[in-house]
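Visitor: Dumping the structure here so I can ask a few things about it.
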Amino acid sequence: MENRTLQPRDQAVAALTIAGSDSGGGAGIQADLKTFSALGVFGCSAITAITAQNTCAVTRVEAMPPGMVAAQIDAVLSDIQIGAIKIGMLATVAVIKEVADALAGYDGPIVLDPVMVAKSGDKLLADDAVEALKTHLLPRATVLTPNLPEAACLLGLPEADDAATALAQGQALCEVGAQAVLMKGGHAVGDTCVDRLVTPATVQDFSAPRIATSNTHGTGCTLSSAIAAELAKGKPLPLAVDRAHRWLHAAIKAADQLNIGQGHGPVHHFHEVWA
């Protein structure tokens, strides 16, 4: 038989999501992989927890064994060139430490979404895990993407109720160790939703009209994974955030077309693809 040597070829752009599974399909790993696909990036995953949830509630959460989380990350990174990593739900201190150790040799961009509470109000991060997140992963983050309640929780402060306080909290999170912080405006009030990218030296706003819809399940997961997808393509952070912000706005605008579930339905990840 003729011997054939495989020729090297360009690999598709790939990104890794490290997050929990959402059985309802609107958030978590499912939302991340949909986002990667919609934006032309091959998605890999490491599941940190399994949740039983839908558009109305989270009824059960089980964290994965920490060693299994690390094994998934090691399996992906040892074989596939990963352009960026998105980190979402981590659930426990042990999982946080395992993820940090597994990423010790990774030098690409990391988007850290500090998932703490589901849209339904159910807690997704143990109380003692907040400090571990700040200690082990926040300093590794290329960008941290908290909403206003999450930023306040990370800092042990009341939730920001005006733009100046939100900016100050973003700057405080940079001082804690994040290279950049995207303070999301979804929980704020007003006709305009403003996401504010804060670094130790700069502030940049990304604004869009606020859309009147209850179908916003998974917006945080989707935005952070969209940023990771654009970073994986080689875009600098401000351009990655701009593209992700505009794409998510369109996904929210199209969300009511899906009519999924009886509670907070998901955004439309494939609004640019489906007829």
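The values are calculated or read from the model by the stated rules, or taken from the named source; none is laboratory data. Since we're looking at a predicted model, the values are computed, not measured. Here the Cβ positions follow ideal geometry from the backbone for every residue, glycine too, while neighbour counts run over all protein chains shown. Just so you know, the surface numbers come from the protein's heavy atoms only, side chains and all, with ligands and any DNA or RNA stripped out. Shrake-Rupley method; radii C 1.70, N 1.55, O 1.52, S 1.80 Å.
Visitor: Please find, among ALA52, ALA71, ALA75, ALA63, the residue that is over 22 Å from LYS233 (Cβ atoms) and touching a Lys or Arg at 6+ places or on another chain (Cβ under 6 Å).
Guide: After ruling out the rest, the residue left standing is ALA52.
Visitor: Residue check, VAL117 against (1) open to solvent by 40 Å² or more (accessible area, probe 1.4 Å); (2) closer than 28 Å to LEU197 by Cα; (3) modelled with pLDDT of 95 or more, all met but one. Which one?
Guide: (3)
Visitor: Turning to a different aspect of this structure: Within the stretch 198-228, can you find the residues that are closer than 16 Å to ALA164 by Cβ and open to solvent by less than 60 Å² (accessible area, probe 1.4 Å)?
Guide: Answer for the stretch 198-228, where residues must be closer than 16 Å to ALA164 by Cβ and open to solvent by less than 60 Å² (accessible area, probe 1.4 Å): just VAL198.
Visitor: Take the residues in the stretch 166-187 that are of a type in the set (A, V, I, L, M) and part of a helix (DSSP H, G or I); name whichever of them is surrounded by the fewest Cβ atoms within 10 Å (Cβ to Cβ).
Guide: Applying the first criterion (of a type in the set (A, V, I, L, M)) to the stretch 166-187 yields 166-168, 172-173, 176, 178, 180-183.
From the residues that got through so far, the ones that are part of a helix (DSSP H, G or I) too are 166-168, 172-173, 176.
Values: ALA166: 23, LEU167: 17, ALA168: 16, ALA172: 16, LEU173: 24, VAL176: 14.
So the residue we want is VAL176.
Visitor: Can you tell me how many residues in the stretch 29-71 are open to solvent by less than 10 Å² (accessible area, probe 1.4 Å), closer than 23 Å to TRP274 by Cβ and small (Gly, Ala, Ser)?
Guide: Residues in the stretch 29-71 being open to solvent by less than 10 Å² (accessible area, probe 1.4 Å), closer than 23 Å to TRP274 by Cβ and small (Gly, Ala, Ser): 1 in total.
Visitor: Return the only residue of GLY88, GLY108 being closer than 30 Å to ASP10 by Cβ, in contact with a strand residue (DSSP E or B) (Cβ under 8 Å, 6 or more places away or on another chain) and open to solvent by less than 10 Å² (accessible area, probe 1.4 Å). Show your work before the answer.
Guide: Details: GLY108 fails: open to solvent by less than 10 Å² (accessible area, probe 1.4 Å).
Of the residues listed, the single one that is closer than 30 Å to ASP10 by Cβ, in contact with a strand residue (DSSP E or B) (Cβ under 8 Å, 6 or more places away or on another chain) and open to solvent by less than 10 Å² (accessible area, probe 1.4 Å) is GLY88.
Visitor: Looking at (1) at pLDDT below 90; (2) farther than 29 Å from ALA255 by Cα; (3) among the polar types (S, T, N, Q), which one does THR192 not meet, given that it meets all the others?
Guide: (2)
Visitor: Looking at (1) in a loop (DSSP other than H, G, I, E, B); (2) more than 18 Å from CYS221 (Cβ to Cβ), can you tell me which one GLY24 breaks?
Guide: Exception for GLY24: condition (2).
Visitor: Just give me the residues in the stretch 228-266 being outside any helix (DSSP H, G or I) and out of contact with any Leu (no Cβ under 7 Å at 6 or more places or on another chain), in sequence order. Give the steps one after another, and end with the answer.
Guide: Of the residues in the stretch 228-266, the ones outside any helix (DSSP H, G or I) are 233-236, 254, 258-266.
Result: LYS233, GLY234, LYS235, PRO236, ALA254, LEU258, ASN259, ILE260, GLY261, GLN262, GLY263, HIS264.
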